[in-house]
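Student: Below is the structure I would like to discuss, written out as structure tokens.
Rule-based calculations on the coordinates, nothing more; no lab input. Just so it is clear, the structure is predicted and the values come from calculations on it, not from any experiment. Cβ coordinates were reconstructed from backbone atoms using ideal geometry, including for glycine residues, and neighbour counts include every protein chain displayed.
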Amino acid sequence: MEKMIDIGSKQLEILDIGEGKPVVIQPGMACSIYEWENIARQLATHARVILFNRAGCGKSTLGYGLRNIEANVDDLYKVLEQLHISNPLLVGHSYGGLCMQHFAKAYPERICGLVLVDSSSVDYQLLDEVEIEDDENSNDAWRKKCAYYARLTSRELSNELTAWIEEVPEGVPPGKWRDFLCNPGLFKAMSEEIQSMPDDVVKIKSMGSFPEIPLTVIVRDTDLSVREMVEKEGLNDSDARDVEDIWQTIVFNQTKLTTNATFVRAKNASHDIHLDRPDLLVETTMAMLKEEGKWR
């Protein structure tokens, strides 16, 4: 069961299960810890697994100050301190992966390895090179949507996001999913996080070299991703392939962060690899844990 912990400036909703080597998972921007419970419970037979909803998400309170990657990294640091966790294996999905990259640079001595799951990149702005007319999925369009949603009540969000609410991730109770999405705090946090990303990546790039830790980089299935962009987002095939080519490149380039990196293609998986290929994530994470004896 999820529980709340007080980190001083706010309360965060966490899942903390299992015993052994700690694995800390940071979901993506619009993802909840509830979507990862299946994976967490499988890993918990061999490890201590910790997930937490970022400030504003789920039952986690927003607290004060601007929501950006540095604030999320500070919250993660406080979570580890509060739970007395040292040298965890970090797993970060999408925006959560970018937060973990920042954390690895800020606190290299506090982690032992990293798994990046179709992670956002410090070079994400290269995606803007593909000029798509009326692109409703651009960062700026998403920021404006989130700012609008943040001004609505939970009841208004329930009416506004009907289609999204009906797309319940496998294993998540529908009521819990509805409550997660019908939370104005979620969209306030997301709006600020999206707006802060250009400054965030400049900060990460300025922080010096990446630590020499074991790293696994997982990327989504190219053809499946292109098909989804065409069918669900309305892009033409050419634009979708241009976007995907850039995404595949910037994710692959994350393998250059260390000299001890492994690259994995998640066949038959969309960006939501944790939902499409939980077996792969469990297998990959367990492989990293088995290398524990070789870690510094």
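Student: Sorted from largest down, give the three principal axis spans of the alpha carbons of the stretch 99-197, whole angstrom values.
Tutor: Principal axes ranked by extent give 45, 36, 24 Å for the Cα atoms.
Student: What is the dipole size for the stretch 204-272, taken about its Cα centre, with +1 at each Lys and Arg Cβ and -1 at each Asp and Glu Cβ, in debye to the nearest 20? Don't skip to the end; give the middle numbers.
Tutor: On the way: 8 positive and 12 negative charges, 78 e Å.
So the magnitude is around 380 debye.
Student: Turning to a different aspect of this structure: Determine, for Tyr34, Tyr124, Tyr95, Tyr107, the number of other Cβ atoms within 10 Å of each Cβ, and report the residues in order from fewest to most.
Tutor: On the way: Tyr34 22, Tyr124 19, Tyr95 25, Tyr107 14.
Ascending number of Cβ neighbours within 10 Å: Tyr107, Tyr124, Tyr34, Tyr95.
Student: I've got another one for you. Most exposed first by the Cβ proxy, i.e. fewest other Cβ within 10 Å, how do Lys144, Lys10 rank? Provide the component values of the computation, followed by the final result.
Tutor: On the way: Lys144 15, Lys10 18.
Exposure proxy ranking, most exposed first: Lys144, Lys10.
Student: Take the cross-link list Lys59/Lys232; Lys3/Lys59; Lys3/Lys188; Lys144/Lys188; Lys78/Lys188; Lys205/Lys290 and give me the ones stretching past 19 Å between alpha-carbons. Present the calculation step by step, with values, prior to reporting the outcome.
Tutor: Values: Lys59/Lys232 30 Å; Lys3/Lys59 9 Å; Lys3/Lys188 23 Å; Lys144/Lys188 11 Å; Lys78/Lys188 22 Å; Lys205/Lys290 31 Å.
Table pairs above 19 Å Cα-Cα are Lys59/Lys232; Lys3/Lys188; Lys78/Lys188; Lys205/Lys290.
Student: Just need the relative contact order of the stretch 1-58 here, percent rounded to a whole number, with Cα pairs under 8 Å and 6+ apart. It would help to have the intermediate numbers written out before the result.
Tutor: Numbers: 97 pairs, mean separation 24.8, N = 58.
RCO, the stretch 1-58: 43 percent.
Student: Another question about this same structure. What nm value, rounded to one decimal, do you get for the distance between Ile5 and Lys290 when each label is placed 7 Å out toward the C-beta?
Tutor: Taking the simple label geometry, Ile5 and Lys290 are separated by 2.9 nm.
Student: Please go through the stretch 239-296 and write out the chymotrypsin sites (Phe, Trp or Tyr not before Pro) that DSSP classes as loop and that have at most 11 other C-beta atoms within 10 Å. Before the final figure, lay out each step's value.
Tutor: Details: sites: Trp247, Phe252, Phe263, Trp295; in loops: Trp295.
Nothing satisfies the criteria.
Student: So how far, in whole Å, is the C-alpha centre of the stretch 184-212 from the one of the stretch 42-92?
Tutor: Computed from Cα coordinates, the inter-centre distance equals 16 Å.
Student: Taking the beta-carbon count within 10 Å as an exposure proxy, list His46, His271, His84, His93 from fewest neighbours to most.
Tutor: The order, fewest Cβ neighbours first, is His84, His46, His271, His93.
Student: Rounded, prolate or oblate: pick one for the stretch 167-244, where a ≥ b ≥ c are the square roots of the eigenvalues of its C-alpha gyration tensor, a/c under 1.5 means rounded, and failing that, prolate if a/b is larger than b/c, else oblate.
Tutor: On the way: a/c = 1.63, a/b = 1.14, b/c = 1.43.
Judged from the Cα gyration tensor, the stretch 167-244 comes out oblate (a/c at least 1.5, b/c at or above a/b).
Student: Given axes a ≥ b ≥ c from the Cα gyration tensor, I'd like to know whether the stretch 1-129 is rounded (a/c under 1.5), prolate (a/b larger than b/c) or oblate. Don't skip to the answer; put the middle values down first.
Tutor: Details: a/c = 1.42, a/b = 1.20, b/c = 1.18.
Rounded, since a/c falls under 1.5.
Student: Also: For the stretch 77-190, what does the relative contact order come out to in percent, with C-alpha contacts under 8 Å and a separation of six or more? Spell out each step's value before the answer.
Tutor: Values: 104 pairs, mean separation 23.2, N = 114.
With pairs under 8 Å counted, the relative contact order is 20 percent.
Student: For the stretch 16-141, what is the relative contact order in percent, using Cα pairs closer than 8 Å and at least 6 residues apart in sequence? Intermediate values should be presented prior to the final figure.
Tutor: Values: 182 pairs, mean separation 32.0, N = 126.
So the answer I get is 25 percent.
Student: For the chain, compute Rh as the Kirkwood radius over C-alpha pairs and then the Stokes-Einstein diffusion coefficient at 4 °C and 1.567 mPa s; write the answer in µm²/s, rounded to an integer. Write down the numbers at each step before the final one.
Tutor: On the way: Rh = 19.4 Å.
Estimated diffusion coefficient is 67 µm²/s.
Student: Enter the mean projected area of the convex hull around the alpha-carbon atoms of the stretch 156-296, in nm², rounded to one decimal.
Tutor: On the way: hull surface 44.4 nm².
Value for the stretch 156-296: 11.1 nm².
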